[in-house]
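Right, one structure below, let's go through it.
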Amino acid sequence: MNDFVGINLEDVADWFRQRDDFLVLTHRKPDGDTIGSAGGLVQGLRDFGKNAYILYNTEITPRYEPFLSEYWAAEDYVPKHIISVDTATTELFPVNGDVYKESIALSIDHHPTNTFFSEHTWLEPQRAACGEMIYELLINLNASVGEKVANNLYIAISTDTGCFAYTNTTADSLRIAAYLIEAGAMHNELNKTLFRTFTKSRIMLEGMIYSGLEFHFDGNVAISTISQQMLEESAATDDDTDGIAAIPGSIEDVVVGITIRESIVGEECRISLRSTEQINSADVCARFGGGGHAAAAGCTIAKPIDEAKKALLEVLGEYFP
């Protein structure tokens with residue numbers, strides 16, 4: 001358990017000034033925020049004269065891999081300080097990150113469900129994205145914010161805010177995005193790649209999802225399911241499922257949008273919740289060992305799709321009597 005919960009921006013900046021030889025960890029099923037935060041932090045530290053790398057994440061998708069390819073640590077790299085970004089618990093580390101579970105020196109995170117697993121934790125749950133924190137850190141360090149840093153941090157913030165459309169978007173989110181664009185972030189190209197370009201497989205998968213939507217509790221809850229069979233029939237990859245959890249929550253009058261994705265046939269499902277202010281998604285997912293934010297959270301349920309759905313509806317029944 002962390003005994004330094006109150007570490008703040010200035011403390012973190014001083015911590016980095018006094019140290020070198022860093023290794024940054026991202027989380028499983030890496031999204032834009034953990035990818036962009038890690039890439040922005042490592043490039044910023046290098047520009048500041050530090051030695052920094054990222055632990056290779058085997059689950060990174062082709063969409064994001066080009067942004068981190070130059071930062072992967074060699075197998076013989078021996079870091080002095082291990083850092084995690086955008087990760088609330090060690091259970092979310094990639095498999096090759098398990099060896100570092102007990103030696104995380106610093107956790108940089110914005111999830112209110114952070115378990116304070118590191119020696120020091122810099123937590124700002126009011127932030128829309130971890131990328132905002134990395135930007136503030138680099139500014140505090142007087143480190144360079146060039147095009148590479150700007151691109152990575154723009155990816156981090158834009159993806160966690162749904163291209164600045166989600167309710168977690170703040171004035172700070174928009175201000176920082178503007179600064180990043182001024183610093184060289186290719187926002188037009190990135191927006192097209194991340195939000196407006198889809199493969200044929202993605203479109204086919206979306207069609208299956210829409211045709212299989214279920215509504216419960218007088219339409220307050222919408223559930224979409226993604227089975228392994230659907231993924232096979234559409235030839236969809238993990239890249240194709242990026243952001244797809246937003247579909248059920250985008251429907252009129254829906255309070256809770258749930259996406260159930262079968263990860264192991266008949267044995268395990270990954271759950272994504274999106275909700276309005278009426279329901280705290282993190283509280284619901286915490287009932288199944290997961291977590292996240294009030295408006296967006298996730299968990300894993302070790303049951304087949306139908307049983308996972310039933311378990312979720314039983315919990316939501318407490319909110320919709």
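The values are calculated or read from the model by the stated rules, or taken from the named source; none is laboratory data. A quick note: this is a predicted structure, and the numbers were derived from the prediction, not measured. Quick reminder, even Gly has a Cβ in these numbers, built from the backbone with ideal geometry, and neighbours come from all protein chains shown. All accessible areas refer to the heavy atoms of the entire protein, side chains included, with ligands and DNA or RNA removed. Shrake-Rupley method; radii C 1.70, N 1.55, O 1.52, S 1.80 Å.
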Can you list the cysteines of the chain that have no other Cys Cβ under 4.7 Å away? Cys130, Cys163, Cys269
Answer with one residue from Thr237, Leu180, Gly266: the one whose Cα lies farthest towards the positive end of the charge dipole of the range 174-271, charges on Cβ with Lys, Arg +1 and Asp, Glu -1. Leu180
Please list, ordered by chain and number, the residues whose modelled amide H lies under 5 Å from the amide H of Glu268; skip anything fewer than 5 residues away on the same chain. Ser263, Lys303
Reachable aspartates and glutamates, given that their alpha-carbon falls under 13 Å from the alpha-carbon of Lys101 and they are not under 8 places away in the same chain: Glu91, Glu119
Enumerate by residue number the trypsin sites (Lys or Arg not before Pro) in the range 32-122 meeting two conditions: DSSP loop (anything except H, G, I, E, B), and at most 12 other Cβ atoms within 10 Å of the site's Cβ. Lys80
Angle between the Cα long axis of helix 171-182 and the longest principal axis of the chain, 0 to 90 degrees, nearest 10? 60 degrees
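Set the bar at 29 Å for Cα to Cα. Now go through Lys192/Lys303; Lys148/Lys192; Lys29/Lys303; Lys192/Lys309; Lys29/Lys148 and name every pair that lies beyond it. Mind showing how you got there, number by number?
Values: Lys192/Lys303 37 Å; Lys148/Lys192 18 Å; Lys29/Lys303 20 Å; Lys192/Lys309 34 Å; Lys29/Lys148 23 Å.
Pairs exceeding the cut-off: Lys192/Lys303; Lys192/Lys309.
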Note down the magnitude of the dipole of the range 82-180 about its Cα centre, charges +1 on Lys and Arg C-beta and -1 on Asp and Glu C-beta and zero elsewhere, to the nearest 20 debye. 240 debye
Per DSSP H run of n ≥ 4, the term is -39500 (n - 2.57); total these for the chain, divide by its residue number, and report the mean residue ellipticity at 222 nm rounded to 500 deg cm²/dmol. -10500 deg cm²/dmol
For the range 128-233, run through the chymotrypsin sites (Phe, Trp or Tyr not before Pro) and keep only the ones in DSSP coil with at most 10 other Cβ atoms within 10 Å of their Cβ. none
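When DSSP assigns beta bridges and you keep just the ones with both residues in the chain, what percent turn out antiparallel, to the nearest 5? Before the final figure, lay out the partial values.
Values: 19 of 41 bridges.
Of the beta bridges lying entirely in the chain, close to 45 percent run antiparallel.
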Folded to 0 to 90 degrees: helix 147-160 orientation relative to the chain principal axis, Cα: 30 degrees
Shape call for the range 1-137 from the C-alpha gyration tensor, a ≥ b ≥ c root eigenvalues: rounded (a/c under 1.5), prolate (a/b greater than b/c) or oblate? rounded
Unit charges at the beta carbon, dipole of the chain: most positive-side option, Ala222, Met208, Ile104: Met208
For the range 292-307, 3J(HN,Hα) per residue [Karplus equation, 6.51 cos²θ - 1.76 cosθ + 1.60, θ = phi - 60°, Hz, x = Gly/Pro]: x, 10, 4, 9, 7, 8, x, 6, 10, 10, 7, 8, x, 3, 4, 6
In whole percent, how big is the carbon plus sulfur part of the accessible area of the chain, probe 1.4 Å, protein atoms only? 50 percent
How far, in degrees from 0 to 90, does helix 130-140 lean away from the longest principal axis of the Cα atoms of the chain, to the nearest 10? 20 degrees
